[in-house]
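*Asks:* Encoded as structure tokens, here's the structure I'll be asking about.
Quick note: the coordinates plus some simple rules give every number you see, no bench work behind them. Predicted model only: the values in this text are computed from it and were never measured. Every residue, glycine among them, receives a Cβ derived from its backbone with ideal geometry; neighbour counts consider all protein chains shown.
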Amino acid sequence: MAEHTSSHVRHPDDHVAHHFQSLFGAPPEGVWAAPGRINLIGEHTDYNDGLVLPLAIPQHTAVAIRRRSDDLLRLHSRQVGGPPVELRVTDLVPGSVGCWAKYPAAVVWALREDAHPVGGADLYVDSDVPAGAGLSSSAALECAVATACNDLHGLGLSRTELALAAQRAENEFVGVPCGVMDQMASMSCTPDAALLLDTRNLGYRHVPLALDGLRLLVIDTRVKHDLADGTYAKLRAGCERAAGLLGIPALRDLHPGGLATALDQLPAELRPLVRHVVTENARVEQAVALLNAGDPAGLGPILTAGHASLRDDYRVSCPETDLAADAAEAAGALGARMTGGGFGGSVIALVPEAAVDTVRDAVTTAFRHARHRAPRTFTATASAGARRCTRESASGAGGVLPG
Ligand code: ADP
Ligand code: MG
């Protein structure tokens, strides 16, 4: 389990069924959970048909659900509080829901768009994935709901199909043009492994993550700069334009050997984007080779090079993520990089176990001197993807099943 420096150690499954029953007056039919993720390497490659290497973190979102006989959705989140949000599944159209409930509603919408018989439900959400921290709380919520719907309605969809439904939900209903990495990671990661995902064909492989005395320290900078959304769409459009100008289906098809020639053919503003995507795909392959060779320490320079590329070429870093990465390295991390879309969020640092406290303290001190909010940190172990937690429907006891 993650080790938190904050006092927040509550496990979200513990009382979900109990709270569900207090709120809705009957026990849920079950509790499902899906994790947040960090991405080891492969940033902004997932909408370029490229490679990513995420792992699920222990923090996850738990959802207790009971189907209803009508078309009403009643949704409550412990993180948001207040009375349940009430929506009619038959009224769901993109843009129709403004609040947090758009994420679970989006999944119901996406499944119904594919003609799956998903109707009304009461739904209670609890999570220890920090929201908006670049750890993919949105995909955790979507994937927990998608997995629950799949089981309860006997849809028989695969994990990949559920990830695609969750991505469609976020793209079309919520309106965030994200790639598929977050949903695939939340659905398909396994303990003690990273997920090597080829976003072109959604083929994946679990790469054992034996860190041998090293730890992955996650530093949540607790900042999220506003420019994120519009800029993401522009970056994505820039990559597509570059691929079009080069006459290739996606930037995935440009290999490092052809990079210099290709850059010469592109307008100046597109060159750094292309350089990032091409070198980042290569870094994923290098990272996998190092893990396969039993050399996790070799990942350090790759993380650092990835951060430099995001900072200098892709330009999605920000002062807080740069400071966290630099301070971690100065204090003994073997490498560090921002993880997630950028403009804030979290940084991961690869740190010898004995140096974890030193690095954590150094980053916290650097943030204090820079007058930034204190960061939150935890060490992440590679954890399980989406799963059913409980099976009882009558007792409402909410015990967590082993495995
Ligand atoms: P990230 O996925 O990196 O955490 P996003 O901006 O994509 O950041 O998603 C965060 C949003 O997802 C929150 O603002 C909220 O609307 C929704 N969300 C995530 N987890 C929960 C939760 N437990 N309860 C309610 N809403 C949540
Ligand atoms: Mg998200």
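*Asks:* Using a/c under 1.5 as the rounded threshold, could you call segment 115-240 rounded, prolate or oblate? The axes a ≥ b ≥ c are square roots of the C-alpha gyration tensor eigenvalues, and prolate needs a/b larger than b/c, oblate otherwise.
*Replies:* Rounded is the answer for segment 115-240, as its axis ratio a/c remains below 1.5.
*Asks:* Which order do the peptides 169-182, 358-371 come out in when sorted by mean C-beta neighbours inside 10 angstrom, highest first?
*Replies:* Result, highest mean Cβ count within 10 Å first: 169-182, 358-371.
*Asks:* In degrees between 0 and 90, to the nearest 10, how far off the longest principal axis of the chain does helix 299-308 point, with axes built from Cα atoms?
*Replies:* 90
*Asks:* Sorted by packing (mean other beta-carbon atoms within 10 Å per residue), highest first, where do 293-302, 156-165, 100-109 land?
*Replies:* Going by the mean number of other Cβ atoms within 10 Å, highest first, we get 100-109, 156-165, 293-302.
*Asks:* Given the convex hull of the Cα atoms of segment 62-142, what is a quarter of its surface area in nm²?
*Replies:* Result: 5.3 nm².
*Asks:* Rank by packing, highest mean first: peptides 254-264, 119-129, 139-149, with packing defined as the count of other Cβ atoms within 10 Å averaged across residues.
*Replies:* The most tightly packed comes first, giving 139-149, 119-129, 254-264.
*Asks:* Right, something else. Can you give the charge dipole size of the chain about its Cα centre, rounded to the nearest 20 debye, using +1 on the beta carbon of Lys and Arg and -1 on the beta carbon of Asp and Glu?
*Replies:* Around 400 debye, computed over the chain.
*Asks:* Calculate the spin-label point distance for D226 paired with E353, positioning each point 7 Å from the Cα along the beta-carbon direction, and give it in nanometres.
*Replies:* Each label point lies 7 Å from its Cα, and together they span 4.6 nm.
*Asks:* Project the alpha carbons of the chain onto their principal axes and report the range along each, largest first, in whole Å.
*Replies:* 61, 49, 40
*Asks:* Take the alpha carbon atoms of segment 63-83, find their center, do the same for segment 330-382, and report the distance between the two centers in whole angstrom.
*Replies:* Segment 63-83 and segment 330-382 have Cα centres spaced 36 Å from each other.
*Asks:* If you stretched the chain out fully between Q286 and E172, how much longer would it get, using 0.36 nm times the residue separation minus the C-alpha to C-alpha distance?
*Replies:* The span from Q286 to E172 would gain 37.6 nm if fully extended.
*Asks:* Can you check what the Kirkwood hydrodynamic radius comes to for segment 167-324, Cα pairs only, in Å to one decimal?
*Replies:* 17.5
*Asks:* Between G298, A374, L197, whose Cα lies farthest towards the positive end of the dipole of the chain when Lys and Arg beta carbons carry +1 and Asp and Glu beta carbons carry -1, centred on the Cα centre?
*Replies:* Positive-most Cα among the choices belongs to A374.
*Asks:* Tally the DSSP beta bridges in the chain and give the antiparallel ones as a percent, rounded to 5.
*Replies:* About 90 percent, rounded to the nearest 5.
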